[in-house]
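The structure under discussion appears below in the form of structure tokens.
The values are calculated or read from the model by the stated rules, or taken from the named source; none is laboratory data. Note that the structure is predicted; figures quoted are calculated from it, not measured. Methodologically, a virtual Cβ is constructed for each residue, glycine included, from the backbone with ideal geometry; neighbour enumeration extends over all protein chains shown. All accessible areas refer to the heavy atoms of the entire protein, side chains included, with ligands and DNA or RNA removed. Shrake-Rupley method; radii C 1.70, N 1.55, O 1.52, S 1.80 Å.
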Amino acid sequence: MAEYENAIEISGLTKKYDGFTLDSISFNVPKGTIMGFIGQNGAGKTTTIKALLNIIAPDSGSIKMLGLDCYENEYEIKEQLAAVFDEIPFHESMTANSLNIMFGGLYKNWNSDTYFNYLDRFGLPRKKKIGKFSKGMKMKLQIATALSHGAKLLIMDEATTGLDPVVRNEILDIFREYLQDEENSILMSSHITSDLEKIADCVTFIDKGKILLTGYKDEILDSHAVIKCTKEDYQKLGKDEYISARLNDFGAEVMVSDRSEAKRNHPDLIIEKTTLEDIMLFYVNREKKEWT
């Protein structure tokens, strides 16, 4: 494989549908990191992932994965790539044993020992039909197959949605282990921001087909803050000082993107740390400017 700094490089990616446009998006996933890809349902996360996997053809833009052009080197990339979806893509009459045979024929580097070790670790039966598995078991089975052929890049599309917190934590632990090899990288799309707050190194926010923010998670959390103030103090703020404001009976919560500047300009106001979920909410409401 080629030498590369970024596991994924997306530049100017555009795809137009009736009623939705993925609008010239660009972002990178640095090698050795977990990128949280955050947005509401319908924001463009799945469209982006389908373009990465060459399930849909974009109208314009370029994608490189693992240092190679996504379309010219599709087969070489897919040997090194694993994808995990919200819905299991395996036929319900199959078993874990039959998947081992199938994937052994698909991937040069398929490792049955690794696969069966994951099955044992996850407590998954080998002969039971997949149709009888719970949602959590199906997700663990997908992850077992994804991590058993030496993939350098793991792409997840809403994979932890609908799982209970215990199973989600178990899966996040597996991802942390996977990332101990600095050659490995993950793009993890989710609207469960609490998972990404625990595990992501970087985050990219997408809304209505546009990238709003992309960068290292800690830097984004450090620079953003929420001002909590009375409605009178809120009225004194300039519209260009904040992203949006949530109004309630007691006053206002106002999201700013430069905490240091807000502290300098408003030393008497309460300025608090924020979360990825709040950042997403305040940015999604940026066009309204005020919301409740």
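Tabulated values for the structure
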{"quantity": "Breaking point among (1) within 24 Å of ALA151 (Cβ to Cβ); (2) in contact (Cβ under 8 Å) with a residue 60 or more places away in the chain; (3) surrounded by fewer than 14 Cβ atoms within 10 Å (Cβ to Cβ); (4) of a type outside the set (Lys, Arg), for ILE55", "calculated": "(2)"}
{"quantity": "Elements of type strands (runs of 3 or more DSSP E) contained in region 141-220, each with 3 or more residues being open to solvent by 10 Å² or more (accessible area, probe 1.4 Å) and of a type in the set (A, V, I, L, M)", "calculated": "210-216"}
{"quantity": "Residue identified as in contact (Cβ under 8 Å) with a residue 40 or more places away in the chain, within 30 Å of THR21 (Cα to Cα), open to solvent by 20 Å² or more (accessible area, probe 1.4 Å) and not aliphatic (A, V, I, L, M) among GLU272, GLU277", "calculated": "GLU277"}
{"quantity": "Pairs, first loosely packed, with under 13 Cβ neighbours inside 10 Å in region 120-136, second assigned to a helix (DSSP H, G or I), C-beta under 7 Å, six or more apart", "calculated": "LYS127/ASN97"}
{"quantity": "Qualifying residue in region 142-158 (condition: without any contact (Cβ under 8 Å) to a residue 40 or more places away in the chain and under 23 Å from THR48 (Cα atoms))", "calculated": "no"}
{"quantity": "Tabulated pairs, region 66-92, first without any contact (Cβ under 8 Å) to a residue 12 or more places away in the chain and charged (D, E, K, R), second part of a loop (DSSP other than H, G, I, E, B) and open to solvent by less than 40 Å² (accessible area, probe 1.4 Å), C-beta under 9 angstrom, 6+ apart or interchain", "calculated": "LYS78/LEU53"}
{"quantity": "Answer residue from region 59-96, given it is open to solvent by 50 Å² or more (accessible area, probe 1.4 Å) and polar (S, T, N, Q) and is farthest from LEU154 (Cα to Cα) among those", "calculated": "SER93"}
{"quantity": "Residue within region 209-227 that is modelled with pLDDT under 95, closer than 30 Å to LEU147 by Cα and not β-branched (Val, Ile, Thr) present", "calculated": "no"}
